[in-house]
Every structure is written in C-alpha cells, then in structure tokens.
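Below: the structure, in structure tokens.
The values are calculated or read from the model by the stated rules, or taken from the named source; none is laboratory data. The shown structure was predicted, so the numbers you read here are calculated from the model rather than taken from an experiment. Neighbour counts run over all protein chains shown; Cβ positions are idealised from the backbone, glycine included.
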Amino acid sequence: MTAPRTPPGPSRAVLGLAIVGVVAGAAAVSLGGELKDLSVYQHGGRAVLHGVSPYSRDDPVTGLPFTYPPFAAVLMAPMAPLPAWLAAGLWTGASAAALGGCVVVVRRALGRPSSAWLVLLLGTAALALEPVWQNLVFGQVNLLLMLAVLVDLLHPGRRLSGVVLGVTAGVKLTPLVLLVLLVLAGQRASAARATVVFAATVAVGFLAVPGSATYWTQRLLDPSRVGPPALAHNQSVSGVLTRALGETPPTWLWLAVAGPVALATVLVAAAHWRRGDRVLGTCLSAIAMLLASPVAWSHHWVWCVPVALVLWERRRWAAVAWTAVFVTRPILWPPWGAGRELDWGALEHLVGNAYVLAALVLVVGASRWTGPPVRPA
C-alpha cells in the first residue's frame, strides 16, 4: 500500500506569495508605477549613506518628506543603492510573504492547522482588504512590522522576547503602546527588554544620522508633517476630532479623549491575555495603538487581518461584518480630499469614521467575552 502523501507545509504558500509579490512589485515600477513610501524609505537610507540629514530635504522622486525616526533611516540604508524596480520587487515580495506569515502565526497561536492551500487562499483573499492593498501599493512597512510584533508577543516566554518589539518601535513609535500590554499582563521582563532596545535605537539614530535632533524636537509632535490630519484616510481618534472640530484639536483635548479610549482598550486586551488569549490581546492592543496615534492612515490598519482571523473563531457573523467594513472602505464614501471632510454632516461622519467606529464596537464586544479563546475544533 502506498503511504499517504504529507500535505505541503504553509511555508510553500508563503514562498509562493513572496514570488508573486516580487514579480508584481518589479513589474509595477517597470511599467511606470510608483511605490511612494518605499521611495521615501530609500531617500532616508541614501541620506545616511551620504552622511546628511534625511530631514533636510524631501525625497526628490516623490517630493515627500522622510517622517520616520532616525533609526528607520539606518535600517533602510541597504535598500538605498537598489534601482527602483528591484527595490519594489524585493519589498513587495517581503510584504506579501509577511502577510502569509501572519496568517500562519495567528492560526498556529489559535491552535488551528494551516495547510499551504489555506494560507494561499487567505493571503490572496486579504488583498481585497483596503488597508492591505494600500500597504502594497504605497510600498509601506506595516505588514513587515505586524509580523514582527505577532511573532514577538505571541511567544512571551522566550529569553529574548520584547527585543523585536523594541526594534519595531524604533522604526515607528506607535508600537510603544504594546509595552503597556506587556506590563499589565505581567510580562515585565519582556517590557523591560523592549524598552532597553528602543532606547538603543534612539541612541543609534543620534550616532548614525545627522540632524536626528530635528525629528525629536520639531517633527515628532507635528501631525501635519505626514499629510492633512483631516483626510478621511486618517482613521484615529485625532482624525475623528479634527474632522468634527474643523481643525486639529489642541493637544490637551486629543489626550483627554484618545488617552482613556486607548487605556480602556489595552485593559480589555490585558484581561484576555491573562485568560490565555494572547492573539486577541495583541490585536486589541494594536487597535489601541491605532486609535491613540495622531495619524493612523488606512494602510496602518493591516491589523484588520489578524482581527478577522480571531473573530472567525469566536463570532463568525462578526468576522464577516468586520471584513466587510475593510473591503467596502466606507471611509471614502463621503466627499474627501481638499478639506471636504471638514464639511461633513452627521451621517457622513458616521460613515467616514467607519474604521474607528468598527474598532470601538470590537472593544466593547470583547469586553463582554468571557468564554474560551476559540471554538472547539
């Protein structure tokens, strides 16, 4: 009798997604496309290699400024010398692989199997989610950072847990919110390691990047540095307030609203973590990170993918509803751009802030869940 064949592992699907991503990214740029944010990353890396400040001038290709911490420019230095088509291929391939990797990591943490076909199916289906395809079109780093955070936080018992989180915070500051989760969940050693590593990234930035002080003293607290805060794509508490008030809210008001919302979200996340549901706890903390950020562009909401996977195991109707929000992207149904968000009516605010509202509904619902992390297999 012939022995049954072992089904191919999920790594094949991840590799397949990577190959497709490489081809798609390289072809897109070769045919005249433009991954704007990747170009900005390369600009920051070139500045480091040339010994100049990445904040002194905008990217000559896109006209956009480098808005990330100095350490991010250091990490981007290896990408700087590459031609645009090659950089786009490698970056898109890595992002596509990270998307598949997130599916594998989350399902494994939920105790669910992941065949190659399932990973390929879910990874391909995720391309319909607005944050995911926006991330790929712009050449953003969010899918890579999300995978790094998931791998680090879902295995807190490792000797070096927290290190990767500290590095991601050095690239984008918002993952620092996840330190609060680690502290509340009793993972203080991991939180300490993340804090030390983040401090090290700041030090590296000062040592390797000229003009680093400019970021910390001038650009950090200026939300307009990354684009109009009122733009519909800014799905954060600050964005909601900006559109409602007709102007950027004063810092005290933003903190008075976003602070309690984010803290309440992390408290719910920590409660689930302590009950053994690390995936839901991590996802909710990431939601707190997005809500609290001065600017959370829609491509930052790639966390909708692991949230959908978690909801499927708990409330399948909720998973469908959650996914529908990010596929249909109602945030762009009202008039947007050129300040038109400042003239929205009540219904337009309701629809145009859909990502934030969906997140708040999720947090309220999760605060009432006391059952097991997942459905019985």
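For the list (1) part of a helix (DSSP H, G or I); (2) at pLDDT below 95, I need the number of the one condition that Asp58 fails.
It fails just one condition, (1).
If we keep just the residues of the range 9-53 that are farther than 19 Å from Trp91 by Cα and touching a Ser or Thr at 6+ places or on another chain (Cβ under 9 Å), which is surrounded by the fewest Cβ atoms within 10 Å (Cβ to Cβ)?
The qualifying residue surrounded by the fewest Cβ atoms within 10 Å (Cβ to Cβ) is Gly9.
Which residue pairs have Cβ atoms closer than 6 Å, lie 6 or more positions apart in sequence or on different chains, and pair a first residue in the range 21-39 that is in a loop (DSSP other than H, G, I, E, B) with a second residue that is surrounded by 21 or more Cβ atoms within 10 Å (Cβ to Cβ)?
Close Cβ pairs satisfying both conditions: Leu35/Ala88; Leu35/Gly139.
When you check Ala13 against the structure, is it small (Gly, Ala, Ser), in contact (Cβ under 8 Å) with a residue 24 or more places away in the chain and within 19 Å of Met146 (Cα to Cα), yes or no?
On the way: small (Gly, Ala, Ser): yes; in contact (Cβ under 8 Å) with a residue 24 or more places away in the chain: yes; within 19 Å of Met146 (Cα to Cα): yes.
Considered against the rule, which asks whether it is small (Gly, Ala, Ser), in contact (Cβ under 8 Å) with a residue 24 or more places away in the chain and within 19 Å of Met146 (Cα to Cα), Ala13 comes out as yes.
Given Ala319, Ala358, Ala338, Ala308, which one is surrounded by fewer than 16 Cβ atoms within 10 Å (Cβ to Cβ), among the small types (Gly, Ala, Ser) and more than 14 Å from the chain's Cα centre (by Cα)?
Answer to the selection: Ala338.
For the range 150-170, enumerate the residues that are surrounded by 22 or more Cβ atoms within 10 Å (Cβ to Cβ) and either among the hydroxyl-bearing types (Ser, Thr, Tyr) or within 16 Å of Ala72 (Cα to Cα) (or both).
If the condition is that a residue be surrounded by 22 or more Cβ atoms within 10 Å (Cβ to Cβ) and either among the hydroxyl-bearing types (Ser, Thr, Tyr) or within 16 Å of Ala72 (Cα to Cα) (or both), then Val164, Leu165, Gly166, Thr168, Ala169, Gly170 are the ones that fit.
What are the residues in the range 111-130 that are polar (S, T, N, Q) and modelled with pLDDT under 90, if any? Talk me through it step by step, then tell me what you get.
Kept after step one, since they are polar (S, T, N, Q), are these residues of the range 111-130: 114-115, 124.
Matches in the range 111-130: Ser114, Ser115.
How do the pairs read when you match residues in the range 230-257 that are among the hydroxyl-bearing types (Ser, Thr, Tyr) with residues anywhere that are part of a loop (DSSP other than H, G, I, E, B) and surrounded by 13 or more Cβ atoms within 10 Å (Cβ to Cβ), using Cβ under 6 Å and keeping only pairs 6 or more apart or on different chains?
Ser236/Ser293; Ser236/Ala296; Ser238/Pro294; Thr242/Pro229; Thr242/Ala230; Thr242/Thr248; Thr248/Pro229
If I go through the range 161-175 residue by residue, how many of them are within 19 Å of Gly259 (Cα to Cα) and without any contact (Cβ under 8 Å) to a residue 24 or more places away in the chain?
0
Can you pull out the residues in the range 270-285 that are buried (at least 24 other Cβ atoms within 10 Å of the Cβ) and either at pLDDT below 95 or not hydroxyl-bearing (Ser, Thr, Tyr) (or both)?
His272, Trp273, Asp277, Val279, Leu280, Gly281, Cys283, Leu284
Can you name every residue in the range 238-253 that is part of a helix (DSSP H, G or I) and more than 16 Å from His349 (Cα to Cα)? So that I can check it myself, show each step before the final result.
Kept after step one, since they are part of a helix (DSSP H, G or I), are these residues of the range 238-253: 238-245, 251-253.
Scanning the range 238-253 gives Thr251, Trp252, Leu253.
Considering Ala264, Ala288, which residue is surrounded by fewer than 17 Cβ atoms within 10 Å (Cβ to Cβ) and modelled with pLDDT of 95 or more?
Answer to the selection: Ala264.
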